[in-house]
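For reference, the structure is listed below as structure tokens.
The values are calculated or read from the model by the stated rules, or taken from the named source; none is laboratory data. Predicted, not measured: the structure shown is a model, and the values here were computed from it. Quick reminder, even Gly has a Cβ in these numbers, built from the backbone with ideal geometry, and neighbours come from all protein chains shown. Ligands, DNA and RNA are stripped out before the accessible areas are found, and what is left, the full protein with its side chains, is counted by its heavy atoms. Shrake-Rupley method; radii C 1.70, N 1.55, O 1.52, S 1.80 Å.
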Amino acid sequence: MISDAPVLQQSSEPAEGAAAPSRLARYARPMLGVLLPLTVALGWEFLVWLGWSNGRLVPPPSRVFATITDLARSGELVRHIAATLWRVGLGFAFGVVAGTLLGAISGYWSLARRLLDPTVQALRAIPSLAWVPLFILWLGIFETSKIVLIAVGVFFPVYLGVMGAILIVDRKIVEVGRTFRLSGPAMIRRILLPAVLPAYVVSLRVGLGLGWMFVVAAELIGASEGLGYLLLDGQQLGKPAQILAAIVIFAILGKLTDWLIEIAAAPFLRWQDAFGRTKGA
């Protein structure tokens, strides 16, 4: 008993020492994603500072940051961000609900797929700006037309993701469920839903990205606030720093919302033994 104590003590020490590097690696990995844009921004700032460019059409990051600071101090930035977030949030919610329902019906029921899918694929090819005049005629220039346009952009990737994920579910897994005589709801909950969930999360992320793209087209419909309006205002007044400021804010908000989907979905995907989840990947 006495001789075992030092061995246990020695084996526990490396484990405690290994915890610190792993914790550092966990915090260091997200910072790698900031490395590339930060390097490009500092490089451009340095080139303008050296006088190799006047920075008039492509302002340096310091001027863009000053524009963002001025907008924040005046209160305009919060108003524009809040308006855009509200539109994207509502459009995303409606697009996800419609895309999930129709995608599940088309994937699970072959007759519905033959009826619905050709029309959906044809509508998917229509550019976002082509919907703008039609929605203005139908819904006016107020919030409804903007939210519907964003929902249209979100709908298609979610619909395709759900339908495609159901169609590629392994038949053997379904046969196992039938062998155990699972009911319809039990089959969906225990077989289909776990199999579809990874692809569904990807489709949500793609749909959210398109929602952020469609909000710019949506805010061309008689908007007086929003980041899309800020872009258009900067173009009309010849303010490249304001245009870049709006683009930077779009990028930050898009990444943050995408990260929120990743965080929310992570507990439901812990069962995955996938290549991307291996250590160091």
- Message: Of the residues Ile191, Ile141, Ile126, Ile136, only one is touching a Leu at 6+ places or on another chain (Cβ under 9 Å) and of a type outside the set (Lys, Arg); which?
- Response: Ile191
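Answer with yes or no whether Ala122 is out of contact with any Cys (no Cβ under 9 Å at 6 or more places or on another chain), within 30 Å of Val174 (Cα to Cα) and of a type outside the set (S, T, N, Q). Walk me through it before giving the result.
On the way: out of contact with any Cys (no Cβ under 9 Å at 6 or more places or on another chain): yes; within 30 Å of Val174 (Cα to Cα): no; of a type outside the set (S, T, N, Q): yes.
No; evaluated as a whole, the condition is false for this residue.
If I filter region 213-225 down to residues being within 21 Å of the chain's Cα centre (by Cα) and at pLDDT below 90, which single residue comes out as surrounded by the most Cβ atoms within 10 Å (Cβ to Cβ)? Write out each step before concluding.
Within region 213-225, the first condition is being within 21 Å of the chain's Cα centre (by Cα), and the residues that meet it are 213-219.
In the following step, the residues that additionally are at pLDDT below 90 were identified as 216-219.
Details: Val216: 20, Ala217: 20, Ala218: 30, Glu219: 25.
Ranking the qualifying residues of region 213-225, first place goes to Ala218.
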- What is the one condition in (1) out of contact with any Leu (no Cβ under 7 Å at 6 or more places or on another chain); (2) modelled with pLDDT under 85 that Ser53 does not satisfy? (1)
- Item | Matching residues, region 69-118, being among the hydroxyl-bearing types (Ser, Thr, Tyr) and within 20 Å of Ile147 (Cα to Cα) | Thr84, Thr100
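From the list Leu129, Leu149, which one is in a helix (DSSP H, G or I) and either polar (S, T, N, Q) or open to solvent by 30 Å² or more (accessible area, probe 1.4 Å) (or both)?
On the way: Leu149 fails: either polar (S, T, N, Q) or open to solvent by 30 Å² or more (accessible area, probe 1.4 Å) (or both).
From the options Leu129, Leu149, the qualifying one is Leu129.
What residue, of Gly95, Gly99, is touching a Pro at 6+ places or on another chain (Cβ under 8 Å) and either acidic (Asp, Glu) or modelled with pLDDT of 90 or more (or both)?
Values: Gly95 fails: touching a Pro at 6+ places or on another chain (Cβ under 8 Å).
Being touching a Pro at 6+ places or on another chain (Cβ under 8 Å) and either acidic (Asp, Glu) or modelled with pLDDT of 90 or more (or both) holds for just one of Gly95, Gly99, which is Gly99.
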- The condition from (1) open to solvent by 40 Å² or more (accessible area, probe 1.4 Å); (2) at positive phi that Gly55 misses is numbered (1)
- Query: Since Ala112 meets every condition but one in (1) open to solvent by less than 20 Å² (accessible area, probe 1.4 Å); (2) part of a loop (DSSP other than H, G, I, E, B); (3) not aromatic (Phe, Trp, Tyr), which condition does it not meet?
  - Reply: (2)
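Yes/no per residue for (1) without any contact (Cβ under 8 Å) to a residue 24 or more places away in the chain; (2) not basic (Lys, Arg):
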site: Gly43; (1), (2): yes, yes
site: Val48; (1), (2): yes, yes
site: Leu57; (1), (2): no, yes
site: Asp70; (1), (2): yes, yes
site: Arg79; (1), (2): no, no
site: Phe94; (1), (2): no, yes
- Message: When the residues of region 118-150 are narrowed to those that are without any contact (Cβ under 8 Å) to a residue 60 or more places away in the chain and among the small types (Gly, Ala, Ser), which ends up farthest from Leu210 (Cα to Cα)?
- Response: Gly140
- So which residues in region 70-83 are closer than 15 Å to Ile252 by Cα and open to solvent by less than 70 Å² (accessible area, probe 1.4 Å)? Leu77, His80, Ile81, Ala82
- Subset of region 158-183, residues of a type outside the set (Ser, Thr, Tyr), under 14 Å from Thr100 (Cα atoms) and open to solvent by less than 50 Å² (accessible area, probe 1.4 Å), comes to Val158, Gly161, Val162, Met163, Gly164, Ala165, Ile166
- Residue list for region 226-262, filter: out of contact with any Ser or Thr (no Cβ under 7 Å at 6 or more places or on another chain), hydrophobic (A, V, I, L, M, F, W, C) and either open to solvent by less than 40 Å² (accessible area, probe 1.4 Å) or modelled with pLDDT under 90 (or both): Leu230, Leu231, Leu232, Leu237, Ala246, Ile249, Phe250, Leu253, Ile261
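Would you mind finding the one in Ala195, Ala265, Ala186 that is open to solvent by 40 Å² or more (accessible area, probe 1.4 Å), assigned to a helix (DSSP H, G or I) and out of contact with any Phe, Trp or Tyr (no Cβ under 8 Å at 6 or more places or on another chain)? Quick ask: steps written out before the conclusion?
Values: Ala265 fails: open to solvent by 40 Å² or more (accessible area, probe 1.4 Å); Ala186 fails: open to solvent by 40 Å² or more (accessible area, probe 1.4 Å).
Checking each option against the conditions leaves just Ala195.
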- Would you call Ile166 under 23 Å from the mean Cα position of the chain (by Cα) and in contact (Cβ under 8 Å) with a residue 24 or more places away in the chain? yes
- Query: Do you know which residues across region 226-239 are under 13 Å from Leu57 (Cα atoms), more than 26 Å from the chain's Cα centre (by Cα) and assigned to a helix (DSSP H, G or I)?
  - Reply: Gln235
